[in-house]
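**Student:** Have a look at this one.
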Amino acid sequence: MDIEKSLIGLTVQEQSEKPSPPTRRVERIIEGIFFLCAIVSVLTTAGIILVLIQETIGFFNEVSIIEFFTDTRWTPLFASKRFGVLPLVTGTLMVSFYAMLVALPIGLLAATYLSEFASQRTRKTLKPILEILAGVPTVVYGYFALTFVTPLLKLIFPTIQSFNALSASLVMGFMILPMVASISEDAMSAVPQSLRQAALALGATKMETTWGVVIPAALSGIAAAFILAVSRAIGETMIVAIAAGQQPKLTLNPLQSIETMTAYIVQVSLGDTPHQSIAYKTIFAVGMLLFVMTFLMNMISHWFTRRFREVYE
């Protein structure tokens, strides 16, 4: 009898736990909405890629791909047209490189302090303030670089041009600093406390524990933050369009005016370039190259995260 009562009780409980038909209908509707959102995002991405590929093929039907990657002059809007993308690529990489020199060390040190040395109250105060930088519009950063940073740099480098790569790089570094600091701090905070306690129990100092245990354990997350920050810097538009200039030069001197790939796309998109002209098609060729660069960076970040991720019990 007791067994029968138990079985009856379990059956009644299972029936009571089953969702009612209206609840199941609501769940199906929500699942359908989620599925539609996923499909829209996938189709949008596929559409962007197809447009880029189609217009890029049309561009390379008129311009040699060898000239595109080897010529050192970029003058598609001039009477004597040259289509060497190297000046744009060099300018983009140079600005990104100097921005990383600012963002990576400062961001990592800020993340280390917030994760390992700051009190809970200090962390709750400083981290939101740091992340406010990510909410400032990039156009504001651009004019800040042009009207404030560049005049300061002229006091140090009198020969610096009004539009230059250095001021754009410095401001861009501070713009992406919250990304580096926030993701790195999250990765370091995810390291189990038992690892810190074990290192301290063996006689390590707080600093030795941080640099010898915590940071190596969070290396995959920190590396992912670095690579994503590089991708963000490569794809930045308004800061370089305002502060770096629009002169495509094959130079490594950050004191000179240069032009990046994104700044060129803005220049052509806002101009009077005839639709379907060869100058118009250049923005798709440059955009495709930019897409490939950022895509590879994200793939490297994904691979690095999966390859070196530490899993703790």
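Rule-based calculations on the coordinates, nothing more; no lab input. This is a predicted model, so every value here is computed, not measured. Methodologically, a virtual Cβ is constructed for each residue, glycine included, from the backbone with ideal geometry; neighbour enumeration extends over all protein chains shown.
**Student:** Could you tell me which label, among (1) 46, 32, 17; (2) 44, 21, 17; (3) 30, 23, 17, carries the value of semi-axes √(5λ) of the Cα gyration tensor in Å calculated for this structure?
**Tutor:** Of the listed options (1) 46, 32, 17; (2) 44, 21, 17; (3) 30, 23, 17, (1) comes from this structure.
**Student:** Calculate the dipole size of the chain relative to its Cα centre from +1 charges on Lys and Arg beta carbons and -1 charges on Asp and Glu beta carbons; express the result in debye to the nearest 20.
**Tutor:** On the way: 21 positive and 20 negative charges, 99 e Å.
For the chain, the charge dipole is close to 480 debye.
**Student:** Right, here's the next one. Between residue 43 and residue 306, what is 0.36 nm times their sequence separation minus the Cα-Cα distance? Round to one decimal in nm.
**Tutor:** Net length gain for the segment: 92.0 nm.
**Student:** Compare the peptides 82-88, 64-70 by average per-residue count of other Cβ atoms within 10 angstrom and give them in order, highest first. Mind dumping the intermediate values first?
**Tutor:** Numbers: 82-88: 20.6, 64-70: 12.6.
Order by mean packing, descending: 82-88, 64-70.
**Student:** Looking at this model, which pairs from 124/206; 127/154; 124/154 are more than 28 angstrom apart at the alpha-carbon? Each step should come with its number before you reach the end.
**Tutor:** Details: 124/206 21 Å; 127/154 33 Å; 124/154 38 Å.
From the list (124/206; 127/154; 124/154), the Cα-Cα distance tops 28 Å for 127/154; 124/154.
**Student:** In addition: Just to be sure I understand the model, the point goes 7 Å from the Cα along the line to the Cβ. What's the resulting residue 66 to residue 190 distance in nm?
**Tutor:** 4.8 nm
**Student:** Follow-up. Arrange the peptides 157-167, 136-146, 242-252 so that the one whose residues have, on average, the most other Cβ atoms within 10 Å appears first.
**Tutor:** On the way: 157-167: 19.4, 136-146: 17.5, 242-252: 20.9.
Per-residue mean Cβ counts within 10 Å order the peptides as 242-252, 157-167, 136-146.
**Student:** For the chain, what is the mean residue ellipticity at 222 nm derived from helices alone (per DSSP H run of n ≥ 4: -39500 (n - 2.57); sum divided by total residues; nearest 500 deg cm²/dmol)?
**Tutor:** Numbers: 14 runs with 216 residues, N = 313.
The helix-only estimate for the chain comes to -22500 deg cm²/dmol at 222 nm.
**Student:** Report the calculated FRET efficiency for residue 125 and residue 207 (r = Cβ-Cβ distance, R0 = 25 Å), to the nearest 0.05.
**Tutor:** Numbers: r = 23 Å, r/R0 = 0.93.
E between residue 125 and residue 207, to the nearest 0.05, is 0.60.
**Student:** A further question follows. Taking amide hydrogens as modeled 1.01 Å from N in the peptide plane, which residues meet the under 5 Å criterion relative to residue 83, leaving out close sequence neighbours?
**Tutor:** Excluding prolines and chain starts, which carry no amide H, the hits are 75.
**Student:** Hey, what do the phi angles of segment 290-302 turn into as Karplus ³J(HN,Hα) couplings, whole Hz, using 6.51/-1.76/1.60 and θ = phi - 60°, x for Gly and Pro?
**Tutor:** Values, residue by residue: 5, 4, 5, 4, 5, 5, 5, 4, 5, 5, 4, 4, 5 Hz.
**Student:** Net charge within 11 Å of residue 95 by Cβ-Cβ distance, Lys/Arg positive one each and Asp/Glu negative one each, not counting residue 95 itself? Please report the intermediate quantities before stating the final value.
**Tutor:** Details: positive: none; negative: 236, 259.
Neighbour charge sum, excluding residue 95 itself: -2.
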